[in-house]
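Report on the following structure.
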Amino acid sequence: MSEDQPLQELSFSVSGIIAKARTQVYEAVADPEQLSHYFTTGGAKGRLEVGSEVTWDFHDFPGVFEVRVIDVEAPNYLVVGWQGANTSSEDGWNTVRFDFESLEESTRTKVTITETGWQVDADGAKAAFGNCEGWTGMLAAMKAWLEYGINLRDGFYK
């Protein structure tokens, strides 16, 4: 973005490193059963594959969220969409990309989550910061679950 062009939407990226192979970390996001162990406290339905019907439910955050699978290249990345507050898109959906980078001969994986699509105003910033907190929590919870079998979300929000 150049200095001459105004900011069109807000976005962020968060990253973390998990001491597991890339395919295992990818599956922890793509597989609804695994995702339900550490992130979607009310359960996930549908594998993250293009054409799948997917929902994520959070008992500690009211509501079931429909998730649209936009693009997948296993085990490199996943791109999904979901509805957000104060979005910049006409349909009210944000885009979330998960990138999985193999490190140290595939003994560790860097996960980067990028979400885009909020309005450039105070309400958009508040919504973006909230989701940034959520994805950072997801990365920490995934690390604890995959490396140590600990569910960090259990009782964390309620």
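What follows draws every value from the coordinates through simple rules; no lab data is involved. These numbers were taken from a predicted model, which means no experiment stands behind them. As a convention, Cβ positions derive from the backbone with ideal geometry for all residues, glycine included, and neighbour counts pool all protein chains shown.
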Inset, instruction - Out of the residues in the range 103-153 that are surrounded by 17 or more Cβ atoms within 10 Å (Cβ to Cβ) and more than 21 Å from residue 56 (Cβ to Cβ), state the one that is nearest to the chain's Cα centre (by Cα). - result: 109
Legend entry - Subset tally (residues that are buried (at least 16 other Cβ atoms within 10 Å of the Cβ) and under 22 Å from residue 102 (Cα atoms)) for the range 51-76: 2
Inset, instruction - Determine, yes or no, whether residue 48 is hydrophobic (A, V, I, L, M, F, W, C), part of a loop (DSSP other than H, G, I, E, B), within 13 Å of the chain's Cα centre (by Cα) and surrounded by 15 or more Cβ atoms within 10 Å (Cβ to Cβ). - result: yes
Inset, instruction - Please give the number of the condition residue 36 fails out of (1) among the hydroxyl-bearing types (Ser, Thr, Tyr); (2) surrounded by fewer than 19 Cβ atoms within 10 Å (Cβ to Cβ); (3) touching a residue at least 40 places away in the same chain (Cβ under 8 Å). - result: (3)
Inset, instruction - Might you let me know whether the range 107-127 holds any residue that is in contact (Cβ under 8 Å) with a residue 60 or more places away in the chain, at positive phi and touching a Ser or Thr at 6+ places or on another chain (Cβ under 8 Å)? - result: yes
Legend entry - strands (runs of 3 or more DSSP E) contained in the range 54-158 and holding at least 2 residues within 20 Å of residue 11 (Cα to Cα) and β-branched (Val, Ile, Thr): 64-73, 77-83, 93-103, 108-118
